[in-house]
Amino acid sequence: MFLILLLIAAVAALVTWLTSLGVYRVAMRYRIHPPVRERDVHSRPTPRLGGVAMFIGLLAAFIVASFIPQFSSVFSEPLRIVVLLGAVTLIVVVGVLDDLIELDWMLKLGAQLAVAIAIALYSVQIVSLPIAGLTVGSATLSITSTVLVLVLIMNAVNFIDGLDALVAGVTIIGATAFFTYIWILSQSLGQQNATFSLASLITAIVIGVCLGVLPLNWHPAKMFIGDAGALMVGLLTAVSAVAVTGQIDIAVVGGRSQLVPAFIPILLPLAILLMPLLDFVLAVLRRLLNGKSPFSADRKHLHHRLLDMGHSHFGAVLTFYAWTAVVSIGCIMFLFVPPWTAVTFVLVGFLICAIVTALPVTPRLWHSFLRLVRVRTQELRQPGAEDEERSAASNPRETRQ
């Protein structure tokens, strides 16, 4: 069973890689790349069409999966798949246009809402909550919450797309953790319907397309995934997380060790996207407080701040990877190890990540501290020297002697 999902991921990766080579050559030959912007961290014009290659890899993987008997239940409702792929197509088209001519943020948000509403109506919805297996009692609430989740995650992933291989790497780590979660449930808890579900298929494809684009997207990147790739990955990640709410029997999950595992279906997607979501919230608050649109671009994202702290491009990316890995693995550990072991892992991981994050500024802080100590010491010594001068002036004989 694992080999089948591995095959899907391999198809997505191979097609994406081969297509990315062709897209890159076409983009360079016809100079299909936008000029370098003030907020960009690269110095030479670079194509932003990696998302096109990822989209073609996605389609190829879906076509292959449709011929595999184990996925027959996924394709038993053609409308569900058609709407999903149509939504992905629209968001990729909008992303490509934005990469080339920079669309107005209202137009982009409108497209995202349209895509999310279509998916919520005809493809997947949030149908259960991790609270004693409760179901969402209102169709309106189900659709509304699904739309909000899809739009939020799309933008959160897109917001961190500012460094080479950042989105692709973070997504691979998070999607692998999510796939592991689905696999553990299907194998150890007997929920076989989760093995070849829409969620597992999408997760395998997302891992594949991100792996396929990495060779050209790794630092120094020859091609970026652009808004098309980031929005597509964010949308698919959100869809897979929402789809799980209709595939996993939460009562079984919670029955293993009571509280924490029952919340994993909701906590894990949030944990995987911790850094993107944090960056998104901070960016929106920062822009609103400055009287700007929440979608206006700037150079104050978390990855920009890591660079300003002194991290190298590669070091900033690895720092994001580390935070994502610690949180994702920590959540998964609650399913098969004692809670105290998982908590210990997360706390130690957070401490290490915090040290790594602050490492570049540590020497500067230390030198500043030493400079402050020297200045303060001189200030404390200065009054004593003045007293000696006054004493010498009032006793000229002692001075002459």
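The values are calculated or read from the model by the stated rules, or taken from the named source; none is laboratory data. Note that this is a predicted model, so its numbers are computed, not measured. Counting neighbours? That spans all protein chains shown, and the Cβs are built from the backbone with ideal geometry, glycine included. Only protein heavy atoms, including side chains, enter the accessible area calculation; ligands, DNA and RNA are left aside. Shrake-Rupley method; radii C 1.70, N 1.55, O 1.52, S 1.80 Å.
Odds and ends about this structure:
- The one condition from (1) in contact (Cβ under 8 Å) with a residue 24 or more places away in the chain; (2) touching a Leu at 6+ places or on another chain (Cβ under 6 Å); (3) of a type in the set (A, V, I, L, M) that V15 does not meet is (2).
- Here the helices (runs of 4 or more DSSP H) wholly within region 1-119 that include at least 1 residues being touching a helix residue (DSSP H, G or I) at 6+ places or on another chain (Cβ under 8 Å), within 30 Å of P220 (Cβ to Cβ) and open to solvent by 80 Å² or more (accessible area, probe 1.4 Å) are 2-29.
- Take the conditions (1) more than 21 Å from the chain's Cα centre (by Cα); (2) at pLDDT below 80; (3) open to solvent by 50 Å² or more (accessible area, probe 1.4 Å); R299 misses just one of them, which is (1).
- In region 302-341, of all residues being in contact with a Pro (Cβ under 6 Å, 6 or more places away or on another chain) and surrounded by 16 or more Cβ atoms within 10 Å (Cβ to Cβ), the one that is nearest to A221 (Cα to Cα) corresponds to H311.
- In region 164-190, residue modelled with the highest pLDDT [restricted to those that are open to solvent by 10 Å² or more (accessible area, probe 1.4 Å) and assigned to a loop (DSSP other than H, G, I, E, B)]: D164
- S293 meets all of the listed conditions (1) among the small types (G, A, S); (2) modelled with pLDDT under 85; (3) under 29 Å from H313 (Cα atoms); (4) open to solvent by less than 10 Å² (accessible area, probe 1.4 Å) but one, namely (4).
- Within region 342-363, the only residue that satisfies the criterion of being in contact with a helix residue (DSSP H, G or I) (Cβ under 9 Å, 6 or more places away or on another chain), hydroxyl-bearing (S, T, Y) and either over 22 Å from D308 (Cβ atoms) or open to solvent by less than 60 Å² (accessible area, probe 1.4 Å) (or both) is T357.
- Residue within region 356-364 that is touching a Ser or Thr at 6+ places or on another chain (Cβ under 7 Å) and of a type in the set (V, I, T) present: yes
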